[in-house]
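Report on the structure given below.
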Amino acid sequence: MEYHQNLKNATTIKEVQNFYNEGFKKMVAKIEEEFISEGRGQQLVYADGYIDLSLTIADVLLWTYAEHRAEQLSKNKSEGLMIKSNRDWFIEERLAELKRKNDTKSKKPSGK
């Protein structure tokens, strides 16, 4: 509910983007925390490119609310999308992180 209140109180599109960014980070942390507590690990993005559906669903909800608020603040409704989603960036970062981990593992001596 804090997210919705922050969006409601936002007076600029930049504030809306910042609240979306903050909400996205909190959402990712919450989902990963839930995964860990369920014994599923914390991965939302896998090396084979699989993206856990919960990431997409949660992001779409956050982004939709933010985009709606940005439209309310905008005087020109024909501007197109105003809020940039973090989903693709997050996926790219996680895939790069997984690749680095795999590269590091493959470079370690086998101990023979």
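The values are calculated or read from the model by the stated rules, or taken from the named source; none is laboratory data. Predicted model only: the values in this text are computed from it and were never measured. Neighbour counts run over all protein chains shown; Cβ positions are idealised from the backbone, glycine included. Accessible surface areas use protein heavy atoms only, side chains included; no ligands, DNA or RNA. Shrake-Rupley method; radii C 1.70, N 1.55, O 1.52, S 1.80 Å.
When the stretch 44-66 is filtered for residues that are out of contact with any Gly (no Cβ under 8 Å at 6 or more places or on another chain) and either more than 22 Å from Glu97 (Cβ to Cβ) or without any contact (Cβ under 8 Å) to a residue 24 or more places away in the chain (or both), the ones remaining, listed by number, are Asp48, Tyr50, Asp52, Leu53, Ser54, Ile57, Val60, Leu61, Trp63, Thr64, Tyr65.
The residue that is surrounded by the fewest Cβ atoms within 10 Å (Cβ to Cβ), among those in the stretch 79-104 that are closer than 13 Å to Ala47 by Cα and among the acidic types (Asp, Glu), is Asp103. Of all residues in the stretch 1-17, none that is on the phi > 0 side of the Ramachandran plot and open to solvent by less than 90 Å² (accessible area, probe 1.4 Å) has its Cβ atom under 8 Å from the Cβ atom of a residue that is of a type in the set (Phe, Trp, Tyr) and assigned to a loop (DSSP other than H, G, I, E, B), 6 or more apart or on another chain.
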